[in-house]
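J.: To start, I am sharing the structure in question, which I have written as structure tokens.
Just so you know, all these numbers are worked out from the coordinates, no wet-lab data involved. All of these numbers come straight from a predicted model, not from anything done at the bench. Positions of Cβ are generated from backbone atoms using ideal geometry, with glycine treated the same way; all protein chains shown enter the neighbour counts.
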Amino acid sequence: MRVPSVRWPRLPRTRRGRRRAVQALMLLCALALLPATWMYTAADDRLRTASDVPPTEVAVVFGAGLWDGEPSPYLAHRLDAAAQLYRAGRIEVVLVTGDNSRVDYDEPDAMRRYLTERGVPDERIVSDYAGFDTWDSCVRARKIFGVDRAVLISQGFHIRRAVALCQTAGVTSYGLGVDDRHDVTWYYGSTRELFAAGKAALDALFQPDPHFLGPKEPGVARALEAAGR
């Protein structure tokens, strides 16, 4: 059996051809970096630390996976930051948004349990069970739950994308990036963001409907009423 040989593309033979090839490569690289540049620019002046987050009625915590039905370490750190903001009086309500596409996988309920165990009253927590990705969570926060201003809580490698997308979806956003040790998961997440920036730019450009939109829900308004707002 004869194995077909691989034919590699040949470099242009002329100086002019090589110059055009280099220019084309540079153009492709610039186009590839445009989404990440947009993402960083859109979020650059919206990032805060736990000590300077402005008082905001609602915080949005994005799902980050479960381990044996409990929040993963990365998700737990996001929830710890939300509980800290609540105890400091900087937020009134926490909107937990995550994946509940299967009966045996329920991020929002696991997030709710974790928060209540750390002192956040159950009536101050609102669950979004259809936050299947960042864009869906941002659009649903605005269109379904009526959130127009929020503190977003996620890891540092993800928070810029979250802020850029929520700003596009109509939610005036401040981003709180949670610090984590730079382990394999952190490096994976940081690398993934380079590719996710392209999808984020397309979401911002075309603004598709979420996978599931559904009717409006009064959970945030009721939680704010319980907080005396």
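J.: With charges only on Cβ, +1 for K and R and -1 for D and E, what is the dipole size of the range 66-154 about its Cα centre, in debye, rounded to 20?
T.: Details: 12 positive and 16 negative charges, 97 e Å.
Using Cβ point charges on Lys, Arg, Asp and Glu, the range 66-154 gives about 460 debye.
J.: Calculate one ³J(HN,Hα) per residue across the range 40-47 by plugging θ = phi - 60° into the Karplus curve 6.51 cos²θ - 1.76 cosθ + 1.60, and present them in order as whole Hz with x for glycine and proline.
T.: Working through the residues one at a time gives 5, 5, 5, 9, 4, 9, 10, 8 Hz.
J.: Take the Cα atoms of the range 86-229, find their three principal axes, and give me the spread along each one in whole Å, biggest first.
T.: That gives 41, 35, 33 Å along the principal axes, largest extent first.
J.: I'd like the trypsin sites (Lys or Arg not before Pro) in the range 116-145 restricted to DSSP loop residues with at most 15 other Cβ atoms within 10 Å, sorted by number.
T.: Numbers: sites: ARG118, ARG124, ARG140, ARG142, LYS143; in loops: ARG118.
Sites meeting the loop and neighbour criteria: ARG118.
J.: If you take every DSSP beta bridge whose two residues both sit in the range 82-215, what share of them, in percent to the nearest 5, is antiparallel? The partial results should precede the final answer.
T.: Numbers: 2 of 13 bridges.
Antiparallel bridges make up about 15 percent of those DSSP assigns within the range 82-215.
J.: Another one. If amide H atoms are built 1.01 Å from N in the plane of the peptide, which residues on other chains or at least 5 residues away come under 5 Å of the amide H of LEU47?
T.: For LEU47, whose amide H was placed from the backbone, the distant partners under 5 Å are GLY175.
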